[in-house]
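Asks: There's a structure below that I have some questions on.
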Amino acid sequence: MTATRVFSGVQPTGNLHLGNYLGAVRNFAALQDSHECIYCVVDMHAITVWQDPAALKQATLEVAAAYLAAGVDPENHIIFNQSQVPGHAELAWALNCVARIGWINRMTQFKDKAGKNREKASVGLYAYPVLQAADILLYKATHVPVGEDQKQHLELARDIAQKFNNDTGAQDFFPLPEILTPPEAARIMSLRDGSAKMSKSDPSDQSRINLTDDADTIAKKIRKARTDSDPLPENKDGLENRPEVKNLINIYSALAGDDAETIIARYAGQDNFSGFKTDLAEIAVSHFGPITAEMSRLMDDKVHIEAVLRDGGARARAIAEPVLRDVYDLIGFVR
Ligand code: AQP
């Protein structure tokens with residue numbers, strides 16, 4: 001095994017979408033050959049907002065199925081759900097005492113998610129970034145594949161690690177984790193609004209492509225995706241101030257593996273988006289068809305997915321426990 005360790009997670013809070021897949025999950029599989037990987041279904045993050053218990057269970061299995069369908073190997077790497085490893089909550093408490101309130105107050109995701117109802121948001125939603133730091137540091141992970149929206153949280157995790165190392169005089173105890181974002185898909189935008197991130201919680205289902213959508217639904221959503229009334233651009237500069245068009249070109253690029261210039265040259269000057277959208281729909285359907293089919297096959301055998309999560313949980317605990325013991329020794333807890 002290499003000296004690098006990858007950790008990442010996805011919340012079981014609804015249908016996974018194209019943004020989750022291109023921004024994070026696809027990278028999970030790609031990193032397996034070169035890194036030791038730990039992929040978590042972060043159910044403890046999910047409950048920072050109310051979750052129906054039956055829906056939470058179902059979504060936890062679905063996210064695990066998505067990891068497997070995307071090609072993550074659960075034998076050579078680890079897939080588990082967070083609540084199976086008590087070390088996440090225990091380290092989060094210790095790190096709550098390291099992180100400063102001023103640092104957490106700067107987190108834009110809390111402001112976005114809590115909205116105007118800040119006083120009524122759960123304490124968990126506020127402390128969420130510290131739990132996320134604990135998730136990563138519990139395994140001394142060195143690399144974290146996530147979308148760009150998580151950049152601020154990753155920087156916070158580095159600050160917390162650095163302060164813990166300084167405070168305890170154990171300078172190299174926690175490595176400072178590095179973010180890995182895919183260049184062309186770090187931030188996939190809504191299909192209805194090029195200024196908003198594609199998101200599970202967007203009330204409009206038309207704003208996103210879900211991993212569970214069938215071929216017709218995918219094609220329809222792409223056909224209806226918002227563009228503008230100008231022709232397709234002649235070059236990359238022509239994407240300036242055209243966020244919806246830029247987003248579709250980015251999606252095309254991420255799925256087809258062609259760079260944006262090549263794609264723009266292919267459709268340059270066409271006075272409507274119909275040909276471009278037809279091709280993009282075809283690419284998306286051929287990409288997601290096999291993943292969707294595999295997810296649905298796996299979901300017919302929930303016992304198998306639960307066994308994968310249990311086995312992964314036991315192996316994750318074995319890595320986490322000595323790290324937590326060292327943390328407690330550094331803090332000065334009597335054991
Ligand atoms: N639009 C996106 N483009 C690229 N990456 C994205 N990610 C999320 N949206 C995009 C990445 O997906 C991973 C899992 O995200 P998560 O479920 O843990 O939380 P999230 O970022 O809050 O995802 P959503 O879909 O936007 O959910 P809601 O609606 O609940 O906020 C992360 O690596 C994330 O960066």
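The values are calculated or read from the model by the stated rules, or taken from the named source; none is laboratory data. These figures come from a predicted structure and were not determined experimentally. Glycine also receives a Cβ, built like all others from the backbone with ideal geometry; neighbour counts cover every protein chain displayed. Side chains included, ligands, DNA and RNA excluded: accessible areas come from the protein's heavy atoms. Shrake-Rupley method; radii C 1.70, N 1.55, O 1.52, S 1.80 Å.
Asks: For N76, what charge total do you get from the other residues with a beta carbon under 14 Å from its beta carbon, if Lys and Arg give +1 and Asp and Glu give -1?
Replies: Taking every Cβ under 14 Å from that of N76, the sum is -3.
Asks: Moving on to the next point. Where only protein heavy atoms count, and the probe is 1.4 Å, what is the accessible area per residue for the chain in Å²?
Replies: Per residue, the chain has an accessible area of 47 Å².
Asks: Quantify, in whole percent, the carbon and sulfur part of the accessible surface of segment 1-157 (1.4 Å probe; protein heavy atoms only).
Replies: Values: 3470 of 6420 Å².
Carbon plus sulfur share of accessible area: 54 percent.
Asks: Give the lysines whose C-alpha is closer than 22 Å to that of K277, dropping any in the same chain fewer than 8 places away, or say none.
Replies: Result set, ordered by chain and number: K197, K220, K221, K224, K236, K246.
Asks: So if I take the centroid of the Cα atoms in segment 1-72 and the same for segment 148-175, what is the distance between those two points in Å?
Replies: Segment 1-72 and segment 148-175 have Cα centres spaced 22 Å from each other.
Asks: By how many nm would the segment from K111 to T217 grow when fully extended, if each residue of separation counts as 0.36 nm and the alpha-carbon distance is taken off?
Replies: On the way: separation 106, 0.36 × 106 = 38.16 nm, distance 3.28 nm.
This chain segment gains 34.9 nm when fully extended.
Asks: Could the peptides 76-89, 307-320, 231-244 be put in order, highest first, of the mean number of other beta-carbon atoms found within 10 Å of their residues? Can you show the working numbers first?
Replies: Values: 76-89: 20.8, 307-320: 17.9, 231-244: 14.7.
In decreasing order of mean packing, 76-89, 307-320, 231-244 become 76-89, 307-320, 231-244.
Asks: Then there's this: When the chain is treated as a GNM, springs tying every alpha-carbon pair under 10 Å, which of A54, A133, A66 comes out with the largest mean-square fluctuation?
Replies: Checking each option, the largest mean-square fluctuation is seen for A54.
Asks: Give me P(r) over segment 213-296, computed from all C-alpha to C-alpha distances, binned every 10 Å, as integer percentages.
Replies: With a bin width of 10 Å, the distribution comes to 18, 51, 24, 7, 0.
Asks: Using only the Cα atoms of segment 288-334, what semi-axes does the equivalent ellipsoid have when each is the square root of 5 times a gyration tensor eigenvalue? Give whole Å, largest first. Numbers along the way, then the final one.
Replies: Values: eigenvalues 292, 26, 8 Å².
Those come to 38, 11, 6 Å.
Asks: Show which aspartates and glutamates lie in cross-link reach of K163 when reach means a straight Cα distance below 20 angstrom and same-chain residues fewer than eight apart are skipped.
Replies: Those aspartates and glutamates meeting the cut-off are E90, D135, E155, D172, E178, D326, D329.
Asks: Working from the alpha-carbon coordinates of the chain, get Rg over Rh, Rh being the Kirkwood radius.
Replies: That ratio is 0.99, to two decimals.
Asks: I would also like to ask the following. Specify the inter-centroid distance of segment 188-217 and segment 279-335, based on alpha-carbon positions, in whole Å.
Replies: That distance is 24 Å.
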